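Quick notes on the structure that follows.
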Amino acid sequence: MDVKDTTKDAVVSPVTADVPRDEAVLEAVGAEKSLGFVAAFPHLQIEDPQLLGNLYATPAFQGDTGYEYEGEYTISAAWQSGLSMGNPVGQCVGALLAGYPMEWFGRRKTFAACVFGTCCCVFFQFFARSLEVLLTGELLGGLVLGAYVAIAPAYASEVCPMTLRGQLTSYINLCVVMGQLLANGVTAGTSKLSSHWAYGTPLALQWFWILVIILDLPFAPESPWWLVRNGRKVDVKATLAVIVETDRLEQAMEAGSSYLDCFHKANWRRTEISVGVCCTQVLSGIYLVNYATYFFQQAGLPTERAFDMGIGFLAVGFLGTVTSWFLLLHFGRRALFTSGLALLAVLQLVIGIPDCVPGRPTAVIWTQSSLMVVWNFFTTSQLDQSVS
């Protein structure tokens with residue numbers, strides 16, 4: 001199979017010492033044709049979990065699936081936990097399994113299959129009229145979304161110019177934030193409806209992103225790294241010659257190896273760092289982002305103000321992600337990660353202390369909500385980007 005034309009636009013010559021970095025970045029951006037595609041698909045990764053968190057605060061969803069408590073409808077804690085864990089559990093399995101089709105069929109075909117799977121899973125969610133059916137849709141959707149988690153950084157780092165690798169992998173997080181922001185904006189507008197469309201409309205709009213990606217998919221090149229590794233014919237230019245040599249060395253190193261080698265003494269430190277960093281990101285409370293609107297509502301804000309704060313919460317997250325691009329260049333990932341964890345720990349403690357104030361006056365409610373917005377800025381500007 002001749003993929004000369006496909007990979008020609010996907011890779012540019014490496015940056016040499018005599019080319020200023022700023023000029024190299026501009027040259028790489030001009031040569032890169034697949035940025036739009038890489039930027040598009042992480043929206044699907046996060047819209048579904050973010051929508052679910054917002055549905056808990058939507059009156060129509062509470063009335064249709066919840067129970068009455070002290071004159072108001074609410075979703076039971078058991079079902080909230082079950083629904084919220086359905087997607088992450090599916091993602092864990094999907095992320096582990098995604099590596100095999102990515103190697104067998106390539107990044108592009110695997111991603112296309114995931115888009116089709118997402119389209120089917122949205123049907124379960126949209127037509128669900130019970131929590132049981134919605135949980136099924138969340139579990140199945142999580143399997144596909146887990147594959148996106150594996151494909152996005154791998155594809156972005158392999159298909160983009162070396163000069164843009166850091167910015168583009170970080171940009172995936174920006175796309176996640178944009179997906180969250182769009183989800184909050186839509187649910188804020190539809191939450192005032194009293195029918196099924198109050199929560200059906202946001203779920204249905206996920207099909208719009210599927211259409212956008214399908215239209216963009218034909219223009220996406222296959223990963224040149226995957227082509228070389230599978231012995232496909234490639235137009236060997238300067239950068240691709242490096243890919244071929246690197247792949248040869250990796251194949252020699254991996255010969256006869258298995259996953260058990262990750263736990264051998266020689267590799268244990270790297271395995272520990274990789275697992276620890278990813279686990280710490282989750283354990284730091286990052287999933288509070290999906291519950292932001294519901295948190296504001298439970299903190300005491302009116303439903304309309306809670307959705308408004310949710311939009312502002314994620315808009316600040318967008319700003320934090322953009323800020324991280326400059327912080328990464330000057331301080332590096334380790335410094336951002338450690339300082340970010342320290343700041344988040346202090347902020348979470350400060351957010352929790354006002355709950356001890358008797359009567360929870362309005363000032364306390366707004367203080368906690370405002371501190372949550374500040375917390376999200378440091379989460380997106382320091383912690384999220386340093387893990388990418």
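Throughout, read-outs are computed from the coordinates displayed, never taken from laboratory work. Just so it is clear, the model here is predicted, and its values are computed rather than measured. Don't worry about glycine lacking a Cβ; one is built from the backbone with ideal geometry, like all the others, and counts go over all protein chains shown.
Quick one: Cα centre-to-centre distance for the stretch 96-112 and the stretch 314-329, in angstrom?
If you average the Cα positions of each part, the centres end up 30 Å apart.
So which chymotrypsin sites (Phe, Trp or Tyr not before Pro) in the stretch 73-137 are both in a DSSP loop and have at most 15 other Cβ atoms within 10 Å of their Cβ?
Of the chymotrypsin sites (Phe, Trp or Tyr not before Pro), the ones in loops of the stretch 73-137 whose Cβ has at most 15 other Cβ atoms within 10 Å are Phe127.
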